[in-house]
Amino acid sequence: MLTQEILENSVKILDNKKAMDIKALKITDLTSVADYFVIVNGTSTTHIKALAEELEDQLAALGQEPKHIEGRATGWILLDYGNVVVHIFTPDQREVFNLEKLWQDAEEVDISAWVTE
């Protein structure tokens, strides 16, 4: 699966599962870690676990397995799909880590065509 497909599918899957405040950042020119970060939050630790499980299951059905997963027992779950790294936070943890500020030089991807308003 191409990087763009992983990005688009991740956003759509998370949106369908009611993820909140979805952001996609293009970090290609800023780091070699990945090409994109997807940053979302859920309403609770239960919701972020459900978001992570849904994303993992749906992408696996499309043939894409995560290279690494961290934080299943915390308020921040990271799913690493190589060129796309998905960060799923509780609202409190998202505020604490504030990845959008840390990566403020990244280009925000227009995801409006992939999400329901």
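Ordered from largest to smallest accessible area (heavy atoms of protein chains, 1.4 Å probe), the residues LYS12, LYS18, LYS23 come out as LYS18, LYS12, LYS23. Roughly speaking, what is the centre-to-centre gap between the range 28-55 and the range 76-95 when only Cα atoms are used, to the nearest Å? About 3 Å separates the Cα centre of the range 28-55 from the one of the range 76-95. When only Cα pairs below 8 angstrom with a gap of at least 6 residues are kept, the chain shows a relative contact order of 32 percent. Accessible surface of the range 74-117, 1.4 Å probe: 48 percent of it comes from carbon and sulfur atoms.
Rolling a 1.4 Å probe over the heavy atoms of the protein chains gives the chain an accessible area of 55 Å² per residue.
Percentage of Cα-Cα pair distances in the range 48-117 greater than 20 Å, rounded to whole percent? So the portion of pairs separated by more than 20 Å is 39 percent. Rounded to the nearest 20, the size of the Cβ-charge dipole of the range 36-117 about its Cα centre is 280 debye, with Lys and Arg at +1 and Asp and Glu at -1. The Rg/Rh ratio for the chain, using Cα coordinates for both the radius of gyration and the Kirkwood hydrodynamic radius, is 0.92.
Gain on full extension, evaluated as 0.36 nm per residue between LYS101 and GLU70 minus their Cα-Cα distance, stands at 9.0 nm.
The values are calculated or read from the model by the stated rules, or taken from the named source; none is laboratory data. All values reported here derive from a predicted model rather than from experimental measurement. Every residue, glycine among them, receives a Cβ derived from its backbone with ideal geometry; neighbour counts consider all protein chains shown. Accessible surface is based on the protein model in full, side chains and every heavy atom, while ligands, DNA and RNA are left aside. Shrake-Rupley method; radii C 1.70, N 1.55, O 1.52, S 1.80 Å.
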